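**Student:** Below is a structure I'd like to ask you about.
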Amino acid sequence: MAPNVQGLDIGTMTKYTFPHNFLWGAATASYQIEGAWNEDGKGESVWDRFSHTPGKIANADTGDVACDHYHRWREDIALMRQLGLKAYRFSVSWPRILPAGVGRVNEAGLDFYDRLVDALCAANIEPFITLHHWDFPQILYEQGGWTNRDNLHHFADYAAIVTKRLGDRISRWATINEPGVIAWDGYIGGEHAPGEQDPLKGRQVAHNLMVAHGLAAQAIRGVDSNLQVGIVLNQWMADAADDQPQSIKNAGQAWDSSETTFLHPILKGYYHPAQVEWTGGLPEIQPGDMALISQKMDFLGINFYSRNLYNAKGHVDEVPGAEYTAIGWEVCAPALRRLLNKLNRDYSLPPVYITENGAAFQDVVAADGSIHDSRRLDYLRQHFIQTRLAMQDGVDVRGYFVWSLLDNFEWAEGYNKRFGIIRVDFDTQQRIFKDSGAWVAGVIRDNAVTI
Ligand code: IFM
């Protein structure tokens with residue numbers, strides 16, 4: 001087949017080379033991998049409570065042990081070295097640092113991350129931190145959770161505590177991971193912790209999370225103004241299935257009403273009118289909120305997994321001929337390029353990191369112990385290439401974090417849905433490189449994808 005014109009044609013092959021300082025990484029999150037849910041003084045999180053509640057998680061799985069990373073982090077850093085990672089994106093568990101969410105600091109919790117960060121630096125792997133990836137302190141939830149404005153300030157205090165301890169070794173700070181999932185799945189859909197089903201609350205939570213992001217950004221910069229601060233959003237592209245005006249209109253409306261929820265306030269300082277209409281009005285906005293929310297960011301993290309497709313009748317639930325992952329998301333890598341270009345056109349973007357991208361598939365362990373996860377490998381290959389093409393189009397993408405380093409606790413799905421490029425046997429905690437992991441290591445070594 002003729003090579004793609006935008007790659008470098010090397011005979012029958014095409015090579016997509018990335019800039020020399022491109023930040024290749026892998027990502028995880030505290031609740032999904034750490035385990036040690038009640039060790040060394042850690043407080044309870046909403047996810048501890050939720051997963052301990054019967055009927056909430058597939059197979060009654062919990063994050064109590066997860067990948068046991070809290071005890072096996074040295075081994076996991078050795079795996080990162082084998083992958084040749086330039087950076088590792090991880091999150092900090094708020095109740096591990098502040099068991100009551102506020103007030104007394106649990107030094108043992110801070111020490112854990114301190115050792116982790118030291119070891120990453122010693123391994124020449126840049127730590128890229130996320131302050132909140134959903135494990136909210138249960139006790140603060142009982143005091144109103146993300147609807148109580150006091151808790152937004154408690155989050156900023158927590159951000160300052162972590163920054164004071166780790167800011168000398170970490171330069172890139174993401175405040176919150178996927179606020180949309182917290183608001184929609186946690187407070188509206190109820191399939192995530194804390195399991196509420198209240199659309200108006202969810203709308204307010206979405207707003208308050210952005211205020212919390214703004215307060216935390218100020219707190220981080222208050223500790224050290226040289227640190228780079230951003231937020232991580234999960235964005236799905238909204239594509240039209242054909243060029244009928246009604247299909248294009250439906251895709252456009254879907255984008256405006258839902259995908260702008262965080263982008264508009266953060267990057268423009270106001271809510272998109274279609275979004276306001278869709279959610280039935282504005283949340284409660286206090287004086288100063290929009291300025292806080294839209295303060296300058298040093299980077300934007302984009303988590304990309306799939307897209308939504310619209311034809312003249314509306315949403316296309318089953319795309320004919322498309323491939324789907326084990327979690328039911330369509331595989332459509334060109335949508336990532338379109339998304340990045342749309343973001344670049346519609347907004348004045350800071351540098352972008354793909355902070356998550358990856359796929360769940362049913363892995364099979366061969367008799368010799370190997371895992372030939374060719375579909376995951378192909379998924380990643382396609383998305384790496386589409387990212388490179390978007391960069392050639394002019395989008396300033398600075399790095400890419402595969403989701404995920406390890407198979408882990410996939411929230412309501414438990415351990416059934418495996419996203420790792422390294423397999424975890426949850427009975428023995430043995431880690432095994434999948435083919436995709438070995439392939440990613442080669443891409444990082446070459447700083448290029450060759451097809
Ligand atoms: O596992 C999650 C992660 O915690 C947040 N982004 C999406 C991933 C896959 O569902």
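**Student:** Give me the residue from segment 159-177 that is of a type in the set (Val, Ile, Thr) and open to solvent by less than 10 Å² (accessible area, probe 1.4 Å) and, out of that set, farthest from the ligand (Cβ to nearest atom).
**Tutor:** Per the criteria, the residue is Thr163.
**Student:** To continue, here is another question. How many residues does segment 113-134 hold that are on the phi > 0 side of the Ramachandran plot and either more than 16 Å from the ligand (Cβ to nearest atom) or surrounded by fewer than 23 Cβ atoms within 10 Å (Cβ to Cβ) (or both)?
**Tutor:** Within segment 113-134, residues that are on the phi > 0 side of the Ramachandran plot and either more than 16 Å from the ligand (Cβ to nearest atom) or surrounded by fewer than 23 Cβ atoms within 10 Å (Cβ to Cβ) (or both) number 1.
**Student:** Could you check segment 1-45 and list, in sequence order, the residues that are at pLDDT 95 or above, in a strand (DSSP E or B) and not β-branched (Val, Ile, Thr)?
**Tutor:** Correct list: Lys15, Tyr16, Leu23, Trp24, Gly25, Ala26, Ala27, Ser45.
**Student:** What number goes with the only condition from (1) surrounded by fewer than 21 Cβ atoms within 10 Å (Cβ to Cβ); (2) more than 16 Å from the ligand (Cβ to nearest atom); (3) more than 21 Å from Ile421 (Cβ to Cβ); (4) within 23 Å of the chain's Cα centre (by Cα) that Ala58 does not pass?
**Tutor:** That leaves (2) as the condition not met.
**Student:** Residues in segment 225-277 that are among the small types (Gly, Ala, Ser) and either open to solvent by 60 Å² or more (accessible area, probe 1.4 Å) or closer than 22 Å to Asp289 by Cα (or both): how many?
**Tutor:** 6
**Student:** A further question on this structure: Step by step: first the residues of segment 369-393, then only those that are of a type in the set (S, T, N, Q) and within 20 Å of the chain's Cα centre (by Cα), then the one that is least open to solvent (accessible area, probe 1.4 Å). Which residue is that?
**Tutor:** Thr387
**Student:** Answer yes or no as to whether Ala366 is open to solvent by 30 Å² or more (accessible area, probe 1.4 Å), over 23 Å from Pro179 (Cβ atoms), within 16 Å of the ligand (Cβ to nearest atom) and of a type in the set (A, V, I, L, M, F, W, C).
**Tutor:** So Ala366 does not fit the description; no.
**Student:** Taking the stated definitions as given, is Asp396 open to solvent by 10 Å² or more (accessible area, probe 1.4 Å), away from the ligand (no atom under 16 Å from the Cβ), modelled with pLDDT of 95 or more and not small (Gly, Ala, Ser)?
**Tutor:** Spelling it out, Asp396 is indeed open to solvent by 10 Å² or more (accessible area, probe 1.4 Å), away from the ligand (no atom under 16 Å from the Cβ), modelled with pLDDT of 95 or more and not small (Gly, Ala, Ser).
**Student:** Report every pair of residues separated by at least 6 positions or lying on different chains whose Cβ atoms are under 6 Å apart, first residue within segment 352-367 and touching a residue at least 40 places away in the same chain (Cβ under 8 Å) and over 20 Å from Glu330 (Cβ atoms), second among the basic types (Lys, Arg) and away from the ligand (no atom under 14 Å from the Cβ).
**Tutor:** Short answer, once both residue conditions are applied: Tyr353/Arg398.
**Student:** Taking Gly222, is it part of a helix (DSSP H, G or I), open to solvent by 50 Å² or more (accessible area, probe 1.4 Å) and under 29 Å from Ala156 (Cβ atoms)?
**Tutor:** Yes: the conditions hold for Gly222.
**Student:** Something else: What tally of residues in segment 98-112 results from selecting those that are open to solvent by less than 30 Å² (accessible area, probe 1.4 Å) and either of a type in the set (A, V, I, L, M, F, W, C) or over 23 Å from the mean Cα position of the chain (by Cα) (or both)?
**Tutor:** So the answer is 5.
**Student:** Residues being among the hydrophobic types (A, V, I, L, M, F, W, C), under 21 Å from the mean Cα position of the chain (by Cα) and open to solvent by 30 Å² or more (accessible area, probe 1.4 Å): count how many of those fall in segment 413-451.
**Tutor:** Residues in segment 413-451 being among the hydrophobic types (A, V, I, L, M, F, W, C), under 21 Å from the mean Cα position of the chain (by Cα) and open to solvent by 30 Å² or more (accessible area, probe 1.4 Å): 0 in total.
The values are calculated or read from the model by the stated rules, or taken from the named source; none is laboratory data. As the structure is a prediction and not an experimental result, all values here were calculated from the model. Don't worry about glycine lacking a Cβ; one is built from the backbone with ideal geometry, like all the others, and counts go over all protein chains shown. The area values use the complete protein model at the heavy-atom level, side chains included, leaving out ligands, DNA and RNA. Shrake-Rupley method; radii C 1.70, N 1.55, O 1.52, S 1.80 Å.
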